[in-house]
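Working notes, structure below.
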Amino acid sequence: MEIRRWITKDFPVVTKGALVREVLNKMRMFSVDSCLVVDEGGHFMGIVHKNDLSSLDLEEPVDSVVFLPDFYVHENEEIIHALLFFLENQEPYLPVIDDEMKLKGVVSLHDFLEAMMEALAMDSPGIRIHLSLEDRPGALKRVVDVLAENSLNILSVITLRRRDKERDVVIKVDARDKNTIEELLKSYGIRYEKLVEEEGF
């Protein structure tokens, strides 16, 4: 999932040469303590933080306190890449640029969580099948084949290592009847830990 899909423009942006007064007003409008700065062509120049403005007069330009951070991302990068930046920098948002350094908007931690919710198909009704499988190639294939043979559409798959030789696997399928899934798995001898019905939202 590319970051461009989750970009928001709901964030304060000013052009190079903007006065302190203007920048503070923008921050107040968006209820944040920082502002993005671009040049006349829309190229990303950096960020200015509210704390850095205390040394300037209201009618001074903010250019002297604008800095270009290490934490910005390209619009065609994967959303997972943004998560790494969030973890490393603990910033609430990341500027998003294109290949020419033009500012496209920002992506926030909230946007990342929405992306993950979609990847997990939390917005769709269905049934999650919780299993413990051997941690080896092909262990998941048998389960997937059974679901496919019985015309069950897979909405999401999550795997997490439990121990050296086991993985926790959660598969969400497009189904409504938990009893039918239970009987299907039992008929193929597939052991599961639990089935969870989800209504979606």
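Each of HIS43, ALA121, VAL170 was scored by the projection of its Cα onto the charge dipole of the chain, and the greatest displacement toward the positive side belongs to VAL170; charges sit on the C-beta of Lys, Arg, Asp and Glu.
Considering all C-alpha pairs of the chain, those separated by over 23 Å amount to 58%.
Sum -39500 (n - 2.57) across every DSSP H segment of at least 4 residues in the chain, then divide by the residue count to get the 222 nm mean residue ellipticity, nearest 500. Numbers along the way, then the final one.
Details: 5 runs with 54 residues, N = 201.
Mean residue ellipticity at 222 nm (helix-derived): -8000 deg cm²/dmol.
Shown for the chain: lysine pairs separated by 8 or more places, or found on different chains, whose C-alpha atoms are under 19 Å apart, numbering 17.
Farthest toward the positive end of the dipole of the chain, out of HIS81, ILE158, PRO95, is the Cα of ILE158, where the dipole comes from beta carbon charges about the Cα centre. Between LEU68 and GLU40, the distance separating the two model label sites (each 7 Å from Cα on the Cα→Cβ line) works out to 1.9 nm.
For the stretch 3-116, averaging the sequence separation of C-alpha pairs within contact (under 8 Å, six or more residues apart) and dividing by the residue count gives a relative contact order of 30 percent. Under the simplified labelling scheme, the LYS141-VAL196 pair shows an inter-label distance of 2.9 nm, with each label point 7 Å from Cα along Cα→Cβ. Placing +1 on each Lys and Arg Cβ and -1 on each Asp and Glu Cβ, with no other charges, gives the stretch 47-86 a dipole about its Cα centre of roughly 160 debye. What you get for the chain, charging only the Cβ of Lys and Arg (+1) and of Asp and Glu (-1), is a dipole of about 900 debye around the Cα centre.
Kirkwood hydrodynamic radius, computed over distinct alpha-carbon pairs, for the stretch 3-116: how many Å, to one decimal?
14.3
Let's test the formula: R0 of 25 Å, r as the Cβ-Cβ distance of ARG161 and LEU109. What FRET efficiency results, to the nearest 0.05?
On the way: r = 25 Å, r/R0 = 1.01.
The calculated FRET efficiency here is 0.50.
Measuring nothing but how far apart in sequence close Cα pairs (under 8 Å, 6+ apart) lie, relative to its length, the chain scores a relative contact order of 18 percent. Under the combined filter of DSSP loop state and at most 12 neighbouring Cβ atoms within 10 Å, the stretch 128-189 retains these trypsin sites (Lys or Arg not before Pro): LYS165, ARG176.
A short reminder: the numbers here are calculations on the coordinates, not readings from a lab. Because the structure is predicted, anything quoted here is derived from the model rather than measured. Note that each Cβ is placed from the backbone with ideal geometry, even for glycine, and that neighbours are counted across all protein chains shown.
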